[in-house]
Amino acid sequence: MKAVLCTKYGPPQVLILQQVHKPVPKENDILIKIHATTVTTGDVRVRGFNSPLLYWLPMRLFLGIRKPRKPILGVELAGVVEEIGQNVTRFKKGDEVYAMTGMRFGAHAEYTCLREDGIVTHKPQNVTFEEAAAIPFGGTSALHFLRKGKIHSGQNVLIYGASGAVGTAAVQLAKYFDTEVTAVCGPTNLELVKSLGADHVIDYTKEHFTKSDKRYDIIFDAVGKISMSKCQNALKANGKFVTVDGQGIAKERIEDLEFLKKRIESGQMKPVVDRYYELDQISEAHEYVETGRKKGNVVIRVV
């Protein structure tokens, strides 16, 4: 099969499209023919080994000393079950699925094997494979941190970095939880976040949300660029600040994929895709994601 290998840490050009052995499913595995995957900010950080100095050594030991121990990157995908292990009961050949591989990576390829009890479930029926691949990472991350902030109906919620993969999901989920949403983003993305349901939008190049008198129950930094100390005076007395930066990886649960599937199929949520690339254009996709200007998700067409 074809797969993109990260041959060493470095710029996007270290990514090479090669022929590698097609995986064989074990007795509890499903073999997925991948139709679409994405390039996330996490993929870019691993490839370039963008790590704070404090975590440099532990991350190198975890990911690989000289190059990624798991050279095929990619953490989310959508595709079709091609083969199943002898003990598999949840899926059958031909099932359309979407999934997260997490720190196993492996989605930047034509095939991958996942355990049937992994973070994989049937694809939402009303979206394409490309759109389905754009749901798991941003959706589960947003859900994790909003729940960490104890989100509930009637609250005032601010999403900082509302136009990225996590931010666009967070705006929609915060509206699902019946909150009043203020979205902070750049000037070119104001209409996008409005279309996702934000009640108020703030252009961060013109004003800072901490300078107003408004107070929030939850401030969610979806891009890891602000600190709690800078937000303190914008929080209500018992308000919570949550951020994707330095608070650990969002816990991946199959229940969350099922939850997101229901939101998509009911029309309460939609995937946001900025650009599409082919598998052999993945270096270009990395270059674009690295600019920090993407809206929602960058999708890679594999089939």
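The values are calculated or read from the model by the stated rules, or taken from the named source; none is laboratory data. On a predicted model such as this, the values are computed, not experimentally measured, just so you know. Quick reminder, even Gly has a Cβ in these numbers, built from the backbone with ideal geometry, and neighbours come from all protein chains shown. Note: accessible area is taken over every heavy atom of the protein model, side chains too, but ligands, DNA and RNA are not part of it. Shrake-Rupley method; radii C 1.70, N 1.55, O 1.52, S 1.80 Å.
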Note: among ILE32, ILE72, just one is at pLDDT 95 or above, among the aliphatic types (A, V, I, L, M), over 28 Å from VAL244 (Cα atoms) and touching a strand residue (DSSP E or B) at 6+ places or on another chain (Cβ under 6 Å), namely ILE32
Can you work out which of the residues in the stretch 212-226 that are open to solvent by 20 Å² or more (accessible area, probe 1.4 Å) and acidic (Asp, Glu) is nearest to HIS152 (Cα to Cα)?
-> ASP217
In this structure, is GLU131 open to solvent by 10 Å² or more (accessible area, probe 1.4 Å) and either within 27 Å of VAL299 (Cα to Cα) or within 16 Å of the chain's Cα centre (by Cα) (or both)?
-> yes
Selected residue [more than 30 Å from ALA107 (Cβ to Cβ), modelled with pLDDT of 95 or more and not aliphatic (A, V, I, L, M)] from LYS240, LYS262 | LYS240
One residue from LYS261, LYS251 being open to solvent by 70 Å² or more (accessible area, probe 1.4 Å) and closer than 30 Å to THR128 by Cβ = LYS251
Out of all the residues in the stretch 264-287, which are surrounded by fewer than 18 Cβ atoms within 10 Å (Cβ to Cβ) and closer than 22 Å to LEU15 by Cα?
-> ARG275, TYR276, GLU278, ASP280, GLN281, GLU284, GLU287
So how many residues does the stretch 115-128 have that are open to solvent by 10 Å² or more (accessible area, probe 1.4 Å) and either under 10 Å from THR37 (Cβ atoms) or of a type in the set (A, V, I, L, M) (or both)?
-> 2
Flagged in the stretch 12-51 as within 14 Å of GLN281 (Cα to Cα) and not small (Gly, Ala, Ser), in numbering order, are PRO12, GLN13, VAL14, LEU15, ILE16, LEU17, GLN18, THR37, THR38, VAL39
Take SER229 and decide whether it is over 16 Å from GLY138 (Cβ atoms), open to solvent by 80 Å² or more (accessible area, probe 1.4 Å) and among the polar types (S, T, N, Q).
-> yes
Filtered residue count, the stretch 288-303, keeping only those that are open to solvent by 40 Å² or more (accessible area, probe 1.4 Å) and either of a type outside the set (Ser, Thr, Tyr) or under 23 Å from LEU114 (Cα atoms) (or both) | 6
Report yes if some residue within the stretch 1-13 is surrounded by fewer than 16 Cβ atoms within 10 Å (Cβ to Cβ), in contact with an Asp or Glu (Cβ under 7 Å, 6 or more places away or on another chain) and over 23 Å from VAL223 (Cα atoms); otherwise report no.
-> yes
From HIS152, HIS144, which residue is touching a residue at least 24 places away in the same chain (Cβ under 8 Å) and either open to solvent by less than 40 Å² (accessible area, probe 1.4 Å) or part of a helix (DSSP H, G or I) (or both)?
-> HIS144
Neighbours by Cβ (under 9 Å, 6+ apart or cross-chain): first from the stretch 180-193, exposed (fewer than 15 other Cβ atoms within 10 Å of the Cβ); second among the small types (Gly, Ala, Ser) = THR188/SER163
